[in-house]
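> Take this structure, written in structure tokens, and hold onto it; I'll ask about it next.
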Amino acid sequence: MTTKTKQIVQVKITFEGEDLENWEKLKSMWQGASATSILRMAVNGVVKNQADQQINKSAKKRTPEENVELMENWIEKGSKANLSRLEEQEAFGDWWMANKNELRG
Amino acid sequence: MNIVLDTSVIISMLGSGSASYTYDIMMYAKQELVFFIANEETLAEIEDVASRKKFIKWIAQKNPEWQEIWQMLQSLIQVKKENNQTINLNHPNYKKLENRDEKDLKFLYICQHQKVDILITQDKDLLDLGTHNQTKIMKPNDALLLIQETLSKTDDVK
């Protein structure tokens, strides 16, 4: 996987790490099969095909445990990126409500 | 899946660029996995807002290259013509919005006319309604998750 693809994948993951039930489900899928299925749930479709190809290649060389470790790493980074996007979204919502009358005339 | 973006989320995306959830949704629209719907009235509002001093000052700090995103979005929006006379104005949502901000009513009209699945907004007056007939009214992050889940199910069926 190229550095650029990896960065995109990390940023695009929207899975929330606190959701343990889903996490366990995702983890079992990840352990049992290739990376593709979990990636489809976690990654934006824009990079899906490219990332699928890259990950399938490298997934064959990894053990199931290594796959889980890698995904945990991505999700941790993805969750941080997601948190910052959420904060920005909420901040904009407040700004909009304070300014919408002026902006819309 | 038919989607309406209200003025607030479009402005937010123009400001945040690819960091916004709406931008991710726009990438799905680019692949024709979802469809953006608007009408002349909703588009006119964006253009009006984009010409205001307050917006120009704000966007200059946030994202000076916003016009590239705006052009991409415009190329993806299907503009529909409507006949507002067929709208049931007795719907309780119209009464609620009339009291809060009647400028938001046009987004409910288009949802009702065009069988819209999701109205994406960051406007609390609209979000408070939750749904409008068959349309879910959601923030961008929630809408993105719903779209991804729906597309994932479609993928499974194939």
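> Might you let me know whether region B:16-31 holds any residue that is within 13 Å of chain A (Cβ to nearest Cβ), of a type in the set (Val, Ile, Thr) and either under 20 Å from B:Asn141 (Cα atoms) or more than 14 Å from the chain's Cα centre (by Cα) (or both)?
Yes: one or more hits.
> Further, regarding this structure: Of all the helices (runs of 4 or more DSSP H) wholly in region B:12-100, which have at least 3 residues that are under 30 Å from B:Glu149 (Cβ atoms)?
Numbers: elements: B:21-30, B:40-50, B:53-62, B:66-76, B:92-100.
Helices (runs of 4 or more DSSP H) meeting the threshold: B:21-30, B:40-50, B:66-76, B:92-100.
> Looking at B:Lys136, B:Lys124, which is the one that is surrounded by 15 or more Cβ atoms within 10 Å (Cβ to Cβ), at pLDDT 90 or above and more than 14 Å from every other protein chain (Cβ to nearest Cβ)? Don't jump to the end; show me each part of the working.
Numbers: B:Lys124 fails: more than 14 Å from every other protein chain (Cβ to nearest Cβ).
Unique residue meeting the criteria: B:Lys136.
The values are calculated or read from the model by the stated rules, or taken from the named source; none is laboratory data. Here the structure is a predicted model, which is why all the values come from computation and not from measurement. Positions of Cβ are backbone-derived with ideal geometry, glycine not excepted, and every protein chain shown enters the neighbour counts.
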